[in-house]
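Written below as structure tokens is the structure these notes are about.
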Amino acid sequence: VDFDSSFVPCARMATIRLLTALAVQNKWELLQGDVPNAYLNGKTQKLVLVMLPKHWNEVMGQELGNDGDPVICVKSLYGAPDAGLNWNSCQHDAFIEQGYTQSTKEPCIYSKITDCGICIFGIWVDDNFVTGSDLSERDRMIEVLKKKFNIKMLGRLSFALGISFKWSDDSLKMTQSAYIERIAKKYRLSEANPCNMPLQKGFRPQSSMCPKSEHDTKEMNGIPYREAIGSLLYVAICTRPDISYAVCSLARFCNNPGREHWAAVKQIIKYIYTTKNMGIVHSHSQDRSPNGIPIVGYHDAAYNDSDTGKSTLGHIVVVGGCPVTWRAKLATGVPQSATEAELM
């Protein structure tokens, strides 16, 4: 019932990168907060009946009734279909009550402009990312969240969402070395030979590589192809745009992968494990225009680059601009080496 009304928004990874880029460019502090048992703060919006489990009386007493008795669920429980929605609504109301404005393009961004500057909150379920120039408003809102949700402030953002954030005086590097190590270990590739390219030169995944016999299909059914693609997509979206094209081109064959497709997936895993310390670097730029922080964007398309007639589109947007030498390289296409990919 109402399954289509249980949707809850979650910040896009591009939004998290945007917050980090703004923090580095403006030299703002970027803090992280966590809400313990977040879903229990949400209140059910409809009448929900649950049965008291066995041994309830032994642990909790008989105040609510006996084991097996029906009771009304007042607060959301983890695992309930609408638990995420109820928690998000609770958070949304808290920010709106304090005069914050929800972004029309990103529902998980709340901002407030004051006489002293701006304060921005980014939400990822129970994680909060806080930055801005108005420190007094930031501290005031944090105290409000502590009283309402008992939020725990963890200090400067250092590790979240499987991403490591390493700060220096004028830059921030985002890497996923620990997550990549788990992927390589899971697929038994941590001891494989090093690999310096995500795909072999000239290799293009084709539908002609798909299984052609029932025996080949059964053999591929036992291979976790789709699961591996999902893990690689998360790495590509978060910190490794250099593997985006390779992963997306192989993701087209999740329904019917072949041996050559699987071999290419394993090569990507070996490549990111070899280069696990690479990532995205946000650097403070002195190249500021009179209108504010410059934004530089590039895009390219490989028309009809597969046997299905589909085109692949790629783009990159740099907040704060980038050095002139790298602008020229970005304009020519993909990075020519692993070092260039890291700088991008």
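The values are calculated or read from the model by the stated rules, or taken from the named source; none is laboratory data. Just so we're clear, the structure is a prediction, and the values are computed from it rather than from any experiment. Every residue, glycine among them, receives a Cβ derived from its backbone with ideal geometry; neighbour counts consider all protein chains shown. Protein only, heavy atoms only, side chains kept; ligands, DNA and RNA dropped before computing areas. Shrake-Rupley method; radii C 1.70, N 1.55, O 1.52, S 1.80 Å.
Within segment 248-278, which residues are open to solvent by less than 40 Å² (accessible area, probe 1.4 Å) and either of a type in the set (D, E, K, R) or assigned to a helix (DSSP H, G or I) (or both)?
Selection gives 249, 250, 251, 261, 262, 264, 265, 267, 268, 269, 271, 272.
Looking at residue 146, is it within 30 Å of residue 265 (Cβ to Cβ), free of Cβ contacts under 8 Å to residues at least 60 places away in the same chain and open to solvent by 50 Å² or more (accessible area, probe 1.4 Å)?
No; evaluated as a whole, the condition is false for this residue.
Can you pull out the residues in segment 68-85 that are open to solvent by less than 50 Å² (accessible area, probe 1.4 Å) and without any contact (Cβ under 8 Å) to a residue 60 or more places away in the chain?
68, 71, 73, 76, 80, 83
Determine which member of the set 34, 69 is among the charged types (D, E, K, R) and either on the phi > 0 side of the Ramachandran plot or within 24 Å of the chain's Cα centre (by Cα) (or both).
Checking each option against the conditions leaves just 34.
In the list 88, 37, 26, 41, which residue meets the criterion of being under 23 Å from residue 153 (Cβ atoms) and loosely packed, with under 14 Cβ neighbours inside 10 Å?
37
Any idea how many residues of segment 186-234 are under 20 Å from the mean Cα position of the chain (by Cα) and without any contact (Cβ under 8 Å) to a residue 12 or more places away in the chain?
Final tally of qualifying residues: 2.
Just to check your reading of the model, which residue among 158, 164, 136, 177 is under 17 Å from the mean Cα position of the chain (by Cα) and either charged (D, E, K, R) or open to solvent by 60 Å² or more (accessible area, probe 1.4 Å) (or both)?
158
Scan segment 50-67 and give yes if some residue there is among the polar types (S, T, N, Q), touching a helix residue (DSSP H, G or I) at 6+ places or on another chain (Cβ under 8 Å) and either open to solvent by 30 Å² or more (accessible area, probe 1.4 Å) or within 29 Å of residue 133 (Cβ to Cβ) (or both), otherwise no.
yes
For the structure I just gave you, tell me whether residue 142 is over 28 Å from residue 83 (Cα atoms) and aliphatic (A, V, I, L, M).
Criteria not met by residue 142.
Of all residues in segment 107-123, count the ones that are part of a strand (DSSP E or B) and crowded, with 17+ Cβ neighbours inside 10 Å.
So the count comes out to 9.
Going by what's in this entry, would residue 99 be described as surrounded by fewer than 17 Cβ atoms within 10 Å (Cβ to Cβ) and modelled with pLDDT of 90 or more?
Here the answer is yes, as residue 99 does meet what is asked.
May I ask you to list the residues in segment 208-247 that are open to solvent by less than 60 Å² (accessible area, probe 1.4 Å), over 30 Å from residue 17 (Cα atoms) and either part of a helix (DSSP H, G or I) or β-branched (Val, Ile, Thr) (or both)?
209, 216, 217, 220, 223, listed by residue number.
Given the residues 72, 118, 113, which is the only one that is more than 23 Å from residue 26 (Cα to Cα) and either at pLDDT below 95 or out of contact with any strand residue (DSSP E or B) (no Cβ under 6 Å at 6 or more places or on another chain) (or both)?
Of 72, 118, 113, the one residue that is more than 23 Å from residue 26 (Cα to Cα) and either at pLDDT below 95 or out of contact with any strand residue (DSSP E or B) (no Cβ under 6 Å at 6 or more places or on another chain) (or both) is 72.
Scan segment 141-182 for residues that are in a loop (DSSP other than H, G, I, E, B) and polar (S, T, N, Q) and report the count.
Going through segment 141-182 one residue at a time, the tally reaches 4.
Taking into account only those residues within segment 184-195 that are touching a Phe, Trp or Tyr at 6+ places or on another chain (Cβ under 7 Å) and assigned to a loop (DSSP other than H, G, I, E, B), which is surrounded by the fewest Cβ atoms within 10 Å (Cβ to Cβ)?
Of everything passing the filter in segment 184-195, 190 is surrounded by the fewest Cβ atoms within 10 Å (Cβ to Cβ).
State the number of residues belonging to segment 164-185 that are charged (D, E, K, R), touching a residue at least 12 places away in the same chain (Cβ under 8 Å) and closer than 18 Å to residue 265 by Cα.
Counting residues in segment 164-185 that are charged (D, E, K, R), touching a residue at least 12 places away in the same chain (Cβ under 8 Å) and closer than 18 Å to residue 265 by Cα gives 1.
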